[in-house]
1. Can you tell me which of Ile76, Ile42 is at pLDDT 90 or above, surrounded by 13 or more Cβ atoms within 10 Å (Cβ to Cβ) and over 30 Å from Glu152 (Cα atoms)?
2. Can you name the condition, by its number, that Thr274 falls short on among (1) touching a residue at least 24 places away in the same chain (Cβ under 8 Å); (2) of a type outside the set (Phe, Trp, Tyr); (3) part of a helix (DSSP H, G or I); (4) open to solvent by 10 Å² or more (accessible area, probe 1.4 Å)?
3. Using the structure shown, decide if Tyr26 is within 26 Å of Lys176 (Cβ to Cβ) and of a type in the set (Phe, Trp, Tyr).
4. For Ser155, indicate whether it is within 19 Å of Tyr18 (Cα to Cα) and either free of Cβ contacts under 8 Å to residues at least 40 places away in the same chain or not hydrophobic (A, V, I, L, M, F, W, C) (or both).
5. Every residue in region 90-131 that is modelled with pLDDT of 85 or more, β-branched (Val, Ile, Thr) and surrounded by 11 or more Cβ atoms within 10 Å (Cβ to Cβ), please.
6. Quickly run through region 153-171 and pick out the residues that are open to solvent by 10 Å² or more (accessible area, probe 1.4 Å), closer than 21 Å to His252 by Cβ and of a type outside the set (S, T, N, Q).
7. Out of curiosity, is Ser68 open to solvent by 10 Å² or more (accessible area, probe 1.4 Å) and under 30 Å from Ala198 (Cα atoms)?
Amino acid sequence: MEDKIESFLNDLSVEKNYSEATIKTYRNELYKYQEYIEWKKIDYRLVNKEVVRDYLKYLDKLNYKNRSISTNISAIRSFYGYLVIHQVLSKNIFNGIRNPKLEKTLPNFLSEIDVSKILEFSSLPNYKKSIYTTRDELILNLLYDTGCRGQELVSICLKDIDFKEKSIKVLGKGSKERIVFYGENTEDVLNCYLKDRATLLGEKNSKYLLVTKESGRMTSRRVAQIIDEIVLLVAVRHHVTPHTLRHTFATHLLNNGADLRSVQTLLGHSSLGTTQIYTHVSNERLRSAYLKAHLDHRK
């Protein structure tokens, strides 16, 4: 089974352009499943509904939450779908298994004040500018201005940027392309960074926009580390990730009058339902503002 798992994961990476984080998650979940069926001495090709029910009970006894179970089942379902496509199996038994219902949690996002603090980190008197400054400024500006995922950001190539239209072609999940846009502030930062990029590369060449002095290409992990360092510097009391800035991008757009369909397109969501979570954030903000104003009026 192990060789089939690795072939499947390789397909996700090479053919479907899944992120490193997603592939790591799928690997963990599939090996967790493999451990169970080997313990039970079951052939993975002969799994039936009774085996699946027992497996779900096993996860429940381990106190797995619904979200973890859902992730596990989704990974296994995709894996068995791959086996069907490659004629290892005739049908996918996991197609008939429903994922447990998940409680919808509101995404974390930053206030406009906190975003300003983060974007203006290089103007702090205790910040020492370096050859990396414009690159790090660009990382933050692009994440907030475009709503890109971290992996999408580091995958941007120079050829993907339309400097005239101030737009970028982004390769998202499932190799789906979309166009995102950036504003004048990001344009200024981008132009400054491009002057420093050659120095960062030295004698190296790279097709990617974001580069490092050491290895050439940026990784999503390094982007997360840079954000951690900057958030600590500006003393914002929130845990901020690339996805936090993506959530902030969507929430601020809706708060400022953007329509849901446009936000869906910019985020690259295949389903409008995925984007609708941000309306709950926006509505909660309106509710809080109403209650505060209403109570103040009555005093």
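1. Details: Ile76 fails: over 30 Å from Glu152 (Cα atoms).
None of the others qualify; the one that does is Ile42.
2. Status for Thr274: all satisfied but (1).
3. Numbers: within 26 Å of Lys176 (Cβ to Cβ): yes; of a type in the set (Phe, Trp, Tyr): yes.
Against the criterion (within 26 Å of Lys176 (Cβ to Cβ) and of a type in the set (Phe, Trp, Tyr)), Tyr26 qualifies.
4. Working: within 19 Å of Tyr18 (Cα to Cα): yes; either free of Cβ contacts under 8 Å to residues at least 40 places away in the same chain or not hydrophobic (A, V, I, L, M, F, W, C) (or both): yes.
So Ser155 passes the test.
5. Ile93, Val115, Ile118, Ile131 - these are the residues of region 90-131 that are modelled with pLDDT of 85 or more, β-branched (Val, Ile, Thr) and surrounded by 11 or more Cβ atoms within 10 Å (Cβ to Cβ).
6. Lys166
7. no
Yes/no per residue for (1) in a loop (DSSP other than H, G, I, E, B); (2) of a type in the set (Val, Ile, Thr); (3) under 30 Å from Leu171 (Cα atoms):
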site	(1), (2), (3)
Asp11	no, no, yes
Thr22	no, yes, yes
Leu56	no, no, no
Asp60	no, no, no
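The values are calculated or read from the model by the stated rules, or taken from the named source; none is laboratory data. Given the structure is predicted, the values throughout are model-derived calculations rather than measurements. Positions of Cβ are generated from backbone atoms using ideal geometry, with glycine treated the same way; all protein chains shown enter the neighbour counts. With ligands, DNA and RNA removed, areas are computed over all heavy atoms of the protein, side chains included. Shrake-Rupley method; radii C 1.70, N 1.55, O 1.52, S 1.80 Å.
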